[in-house]
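Okay, so here's the structure we're looking at.
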Amino acid sequence: IYCERAFEIFFDNPTHSISTPSLIDILLQDHLPKEMVTEFVTKVDDDKSGTVDYAELFEVFIEQLGI
């Protein structure tokens, strides 16, 4: 359910992606430390395109969970 909800929030648009500044803004709303959010988003946007797509985001989640 979490993955479905994340898709709806971040990727339910014609490009199925979100800009890195928008993703940072959303994550900062949860009162996470800015340095942590910036580091995470930099890791997620591995290709440095300025956008994050579904595959990039969940690849990092899977990697971090050791799946």
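The values are calculated or read from the model by the stated rules, or taken from the named source; none is laboratory data. Treat the numbers as computed from the prediction; the structure is a model and nothing was measured. Here Cβ is always computed from backbone atoms with ideal geometry, including for glycine, and neighbour counts include all displayed protein chains. For accessibility, only protein heavy atoms count, side chains too; no ligands or nucleic acids. Shrake-Rupley method; radii C 1.70, N 1.55, O 1.52, S 1.80 Å.
The table below lists the values:
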quantity	calculated
Filter pass, F61 being assigned to a helix (DSSP H, G or I), at pLDDT below 85, touching a strand residue (DSSP E or B) at 6+ places or on another chain (Cβ under 8 Å) and surrounded by 10 or more Cβ atoms within 10 Å (Cβ to Cβ)	no
Positions within the range 47-58 being open to solvent by 50 Å² or more (accessible area, probe 1.4 Å) and farther than 12 Å from F7 by Cα, in sequence order	D47, K48, S49, T51
Residue count, the range 30-46 (criterion: modelled with pLDDT of 90 or more, part of a loop (DSSP other than H, G, I, E, B) and within 18 Å of F11 (Cα to Cα))	1
